[in-house]
């Protein structure tokens, strides 16, 4: 954390908001804590045309790829969200599907003993992935800008949380390949951590960045929808 920390790892509490959690002071409409993994994606999936004839037509017209990508994105967030929620016993607080201005979304934000993490899942079942400084490439040659998006998520989260807290709040970008057969990471990629979904349990053994009371303060800010209006 930045220079605003106290010596015991406890950042100063914001002057304008109570600390210690949302239920006693946060309006339910502004509380992001109940969001399910993929909360925002559920609405987009529900809006997809249904029926066998329509599905067949989409495939005939080449529109199935967008549908499949959306369903894979949702499944990836569900799987990663479930693993992150299991970290609660190790002192982690997790939020899912955080809405940002401009229709962007931070899939997962984890706040715990090892700091604040912005996590973006990438589901490519059984694929061999190559992660470079900007993109994720599959063994079929398809490239997607997931690394760039993950970096952007963390930057926007750090900006919003720092403004709300009144001190610098670093957020580490973490790209999470889900169900991949193999993952190769470029040596030049240093600012985005690549952590396969099976390795998320290891976060329970990390610490040294935030004391429990600091975790609760930052979680109280992060669960407030208004915090993200400036993300």
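The values are calculated or read from the model by the stated rules, or taken from the named source; none is laboratory data. Everything numeric in this text was worked out from a predicted model, so none of it was measured. Every residue, glycine among them, receives a Cβ derived from its backbone with ideal geometry; neighbour counts consider all protein chains shown.
Taking segment 138-163 as the search range and keeping residues that are at pLDDT below 95 and in contact with a strand residue (DSSP E or B) (Cβ under 8 Å, 6 or more places away or on another chain), which one is farthest from residue 217 (Cα to Cα)? Can you show your working first?
Applying the first criterion (at pLDDT below 95) to segment 138-163 yields 138-144.
Among the residues that remain, those that are also in contact with a strand residue (DSSP E or B) (Cβ under 8 Å, 6 or more places away or on another chain) are: 138-139, 143-144.
Details: 138: 40, 139: 43, 143: 39, 144: 35 Å.
Residue satisfying both the conditions and the ranking: 139.
Which ones in segment 107-131 are part of a strand (DSSP E or B) and closer than 20 Å to residue 214 by Cβ? So that I can check it myself, show each step before the final result.
If we filter segment 107-131 for residues that are part of a strand (DSSP E or B), which is where we start, we get 107-112, 115-123, 128-131.
Of everything in segment 107-131, those that are part of a strand (DSSP E or B) and closer than 20 Å to residue 214 by Cβ turn out to be 108, 109, 110, 111, 112, 115, 116, 117, 118, 119.
Within segment 212-228, identify whether any single residue is at pLDDT below 95, part of a loop (DSSP other than H, G, I, E, B) and either out of contact with any helix residue (DSSP H, G or I) (no Cβ under 8 Å at 6 or more places or on another chain) or more than 18 Å from residue 87 (Cα to Cα) (or both), and answer yes or no.
no
Could you please let me know if residue 101 is touching a strand residue (DSSP E or B) at 6+ places or on another chain (Cβ under 9 Å) and closer than 22 Å to residue 34 by Cα?
no
Counting only residues that are assigned to a helix (DSSP H, G or I) and surrounded by fewer than 17 Cβ atoms within 10 Å (Cβ to Cβ), how many does segment 84-106 have?
The initial filter retains those residues of segment 84-106 that are assigned to a helix (DSSP H, G or I), namely 84-90, 101-103.
Pick out the ones that are also surrounded by fewer than 17 Cβ atoms within 10 Å (Cβ to Cβ) and you get 85-86, 88-90, 101-103.
The qualifying residues number 8.
Could you count how many residues in segment 132-150 are assigned to a strand (DSSP E or B) and surrounded by 22 or more Cβ atoms within 10 Å (Cβ to Cβ)? Give the steps one after another, and end with the answer.
Taking segment 132-150 as the starting set, the residues that turn out to be assigned to a strand (DSSP E or B) are 136-138, 143-144.
Within this subset, residues satisfying the condition of being surrounded by 22 or more Cβ atoms within 10 Å (Cβ to Cβ) are 136.
So the count comes out to 1.
I'd like to check something: does segment 164-177 contain any residue that is assigned to a helix (DSSP H, G or I), on the phi < 0 side of the Ramachandran plot and either surrounded by 16 or more Cβ atoms within 10 Å (Cβ to Cβ) or modelled with pLDDT under 95 (or both)? Lay out the reasoning, then the answer.
So in segment 164-177, the residues assigned to a helix (DSSP H, G or I) come out as 164-165.
Subsequent filtering for residues that are on the phi < 0 side of the Ramachandran plot retains 164-165.
Filter once more, keeping what is either surrounded by 16 or more Cβ atoms within 10 Å (Cβ to Cβ) or modelled with pLDDT under 95 (or both): 164-165.
Yes.
What's the number of the only condition in (1) at pLDDT 90 or above; (2) out of contact with any helix residue (DSSP H, G or I) (no Cβ under 8 Å at 6 or more places or on another chain) that residue 69 fails to meet?
(1)
For segment 181-211, which positions are touching a helix residue (DSSP H, G or I) at 6+ places or on another chain (Cβ under 6 Å) and in a loop (DSSP other than H, G, I, E, B)?
192
Quick check, is residue 50 more than 30 Å from residue 222 (Cα to Cα), more than 24 Å from the chain's Cα centre (by Cα), modelled with pLDDT under 75 and not in a helix (DSSP H, G or I)?
Working: more than 30 Å from residue 222 (Cα to Cα): yes; more than 24 Å from the chain's Cα centre (by Cα): yes; modelled with pLDDT under 75: yes; not in a helix (DSSP H, G or I): yes.
Answer is yes for this residue.
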